[in-house]
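So the structure is just underneath, and the comments pick up after that.
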Amino acid sequence: MDALKIYDEGHQWYVFGRDPEKPEKIIDTNQFMIVDGDRSILLDPGGIEVFSTMLASVLKYVDIEHITDLFASHQDPDIISSLGMWDQVLPNAKLHASWLWEGFIRHFGMDKIGYSSIDDEGGKVTLNNIELEFIPAHYLHSSGNFHVYDPKSKILFSGDIGAALEPPNCPLFVEDFDSHVDKMRYFHERWMPSDTAKHHWLKRVRELDIEIMAPQHGRLFKGDDVQKFLDWFEKLHVGIATD
C-alpha cells in the first residue's frame, strides 16, 4: 500500500492507498491519518480486507498507543468494516461518527473503542495543537454523513464527494481536470441522490479556505482544481438512475 505525506507543518497528514494486494472486485479506497504529536486520528480507516496492510503502514509513522481517534464519514463497509480489528489493538481510542449510525456501525465489532457521536449540525475534535471540524454532508450519499476540515493545513477530507472510479495504480493527484471529469460523472450522478443536499454542502464548503480536497476514492484535488471541482459539481444534476 502506498503512503504519502501530504502536509508537514507542525502536524502531519498521510494518505494510504493504491493497494496492489486489493482483491479485484473490491473498490479501491484512500485512508488518511492526521498526526499531532502523540495523538493521531484515522479517517475512514477502511474495510476489513485492508486492515493488516493499513496497520503495518501506519505503524511506520506512529506508535500504536498514539492512535487515539478514528473517524467514519458514514456507515458503509469500505469505510469502517475494519472496526472490529482496530477494536482489538486500540483499547483506549474513540470513534467519531454520526449519532444516526451507532447502532449499525457497532455490528462491525466495538467492545473497547468508545463511540463519540456527532450531532447533525457537526462538531469539532481537538487533538494536541489542532482543532478539526466535522462538516455536515448529509445525503451525500449517506443520510448521516460528515467530512473533516483542518483549518491549519487547509485540507478537506471529502469522503465520497470527489470520488472517481479508476484503476488502483492511478496517480494520487488530479493532473488534468477536464479529462478526469469522465471518471467522476457516473459515480456522482448515481450515488449522490439529492441536488438540494448538494447545494447545502456547496454553500458550507465555499466558505472554507481549501488547498487540498481529499476524497475517499480516486485522486486528490489541489489548488485551482478544488474550485474547478466545486463549479463542476454545482452544475451536475445528481440522483440519476437508468432503467
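The values are calculated or read from the model by the stated rules, or taken from the named source; none is laboratory data. None of the values given here were measured: they were computed from a predicted structure. Because the Cβ atoms are built from the backbone with ideal geometry, glycine has one as well, and the counts that use them run over all protein chains shown. For accessibility, only protein heavy atoms count, side chains too; no ligands or nucleic acids. Shrake-Rupley method; radii C 1.70, N 1.55, O 1.52, S 1.80 Å.
Some observations on this one:
- Here the ratio of the Cα radius of gyration of segment 179-222 to 2.2 N^0.38 Å is 1.27.
- By the rule of a C-alpha distance below 18 Å, with chain neighbours fewer than 8 residues away ignored, the lysines paired with residue 112 are 94.
- Normalised radius of gyration (Cα atoms, divided by 2.2 N^0.38 Å) for segment 155-238: 1.00.
- The spacing between segment 59-82 and segment 138-189, judged by their C-alpha centroids, is 19 Å.
- Using the Cβ of residue 132 as centre and a radius below 10 Å, the other residues enclosed give a net charge of -3, where K and R count +1 and D and E count -1.
- Alpha carbon convex hull of segment 42-173, volume per residue in cubic angstrom: 120 Å³
- Portion, in percent, of the accessible area of segment 137-182 that falls on carbon or sulfur, probe 1.4 Å: 50 percent
- All-pairs Cα distance distribution in segment 1-84, expressed in whole percent, bin size 5 Å: 3, 15, 29, 26, 17, 8, 2, 0
- Relative frequency of Cα-Cα separations exceeding 22 Å in the chain, percent: 50 percent
- FRET efficiency estimate (nearest 0.05) - Cβ-Cβ, residue 24 to residue 204, R0 41 angstrom: 0.65
- Accessible heavy-atom area order of 160, 119, 182, 195, highest first, probe of 1.4 Å: 182, 119, 195, 160
- Springs join every pair of Cα atoms under 10 Å in this Gaussian network model of the chain, and among 224, 176, 150 the largest mean-square fluctuation is at 176.
- Efficiency of FRET between residue 189 and residue 89 - r from beta-carbon atoms, R0 45 angstrom, step 0.05: 0.70
- Gyration tensor (alpha-carbon) shape descriptor, segment 53-114, a/c threshold 1.5: prolate
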